[in-house]
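For reference, the structure discussed in these notes is given below.
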Amino acid sequence: MRLIAIIALMLSFQFLHARTWELKGGGKPLEGEIFKATKLSLVLKDSDGKRISVYYRDLADSEIEYLKANYPSLVKDASLPEIKKSDLKTDAISKHERESDIENYQKSYPNIDVDKQSLAFRWDTKTGRFFTRHFLFDMREKLEESEALELAYRCECFRAAVLSLPFLTEPILQGYQNTIFVEVMNIPQKNVIGYYQGAYNAGGRTAAKIRVEPQRLPKAEGGNPMFSGVLAHEIAHHLTGEFQYPCAISEGIATYVEASAYIPDKGVRFDIIKKLLADGNLPRLSDYKSKAIVSPSLTKFYTADRREFHAKRYVLRNYMLAQLFTIYFAENSPVAFSRFIYTARCPLGEKEKVCSAKTKSAMREIFGTESEDALQKKICAYFKERGVDIIFKD
Ligand SMILES: [Zn+2]
């Protein structure tokens, strides 16, 4: 009996390791590996095997985030303190909180261009694998070295670009610490040109990868913009993939990044989105030229589950609306949008119903003091000015 208990313990701890735990208010940090998590406190084991118990409320907010992100099932039943939203804001966001500062905020969107020398590009001619600082690429078909370098360069640019988006704060982007594994090979499902897939166990992430179709590999001279778009889209999913979000949020972020990547060979330029929209050239809009787009109410749209969002009849419209709304919020109320995303996030494995209820209460962040109807009117007006007709209907 005893032996079984010990084996079980060893199994459950194989992912845990010693760590320095920061405390609130600058207390002396604690060293130790996780021994167990109770309802109110975390029990650590130091290098001498001594147990140290610390209340969650005494841990720094970043440690609570760390626990939630990396050990979701371990702290499932723990009562973790609510993290004050003000602690989550980056400097960039809090500086531009006032409406009148939105313009400055927009100017702070950097155009991302990674120095090719800094990619740390390594090339294994035998296997066709290649590596950069943050990526590992595996492909079935052999590439010219110049094409591989271009692919790697774009991926590093997209990664840096997603991390720079002011409405994606660090607690949202937990995925950024992990190497991104990209496979370029055939996808059997029809009409799918790329996907992101993550797998998780009790100890946190075990594997995550992006797979994209090799049909149109990027050329060094910068062709095939859509291929870049697919990569950018999946990388955005990867970087936010430690949590689940309603499809309208996650596809909104991914299609937003995808649009910024549409102009090849110029780095990633978020300011291009405004221009594409103003010129009526957003790629997903092409089917709706001079046609009104009928949208469900914002609440209905953002609380739609996976099945509803991907219903055959509406899926293209939904991807496009998710992109348009993300553009609207990024341009007009990035701070509220950032809080909305943060509040709506759900640990992996949580039931869809629970997450949907969370999204519903998160909607308060984007409505602010306005009613849904008032916000919908503003959105309509914003897009009408740019030649896009949206009609909200429940
Ligand atoms: Zn997607």
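The values are calculated or read from the model by the stated rules, or taken from the named source; none is laboratory data. Note that the coordinates shown come from a computational prediction; the quantities given were computed from them, not determined experimentally. Counting neighbours? That spans all protein chains shown, and the Cβs are built from the backbone with ideal geometry, glycine included.
Just one of the numbered conditions (1) closer than 23 Å to Arg269 by Cβ; (2) at pLDDT 80 or above; (3) crowded, with 21+ Cβ neighbours inside 10 Å is not true of His134: (3).
Of the strands (runs of 3 or more DSSP E) entirely within segment 27-83, none holds at least 2 residues that are closer than 20 Å to Tyr342 by Cα.
Return yes or no: is Glu22 surrounded by fewer than 17 Cβ atoms within 10 Å (Cβ to Cβ) and modelled with pLDDT of 80 or more? For Glu22, the condition - surrounded by fewer than 17 Cβ atoms within 10 Å (Cβ to Cβ) and modelled with pLDDT of 80 or more - is met.
For the condition in contact with a His (Cβ under 8 Å, 6 or more places away or on another chain) and more than 30 Å from Thr343 (Cβ to Cβ), Glu183 does not qualify. Out of segment 335-387, which residues are buried (at least 18 other Cβ atoms within 10 Å of the Cβ) and assigned to a loop (DSSP other than H, G, I, E, B)? Hit for segment 335-387 is Arg345, nothing else.
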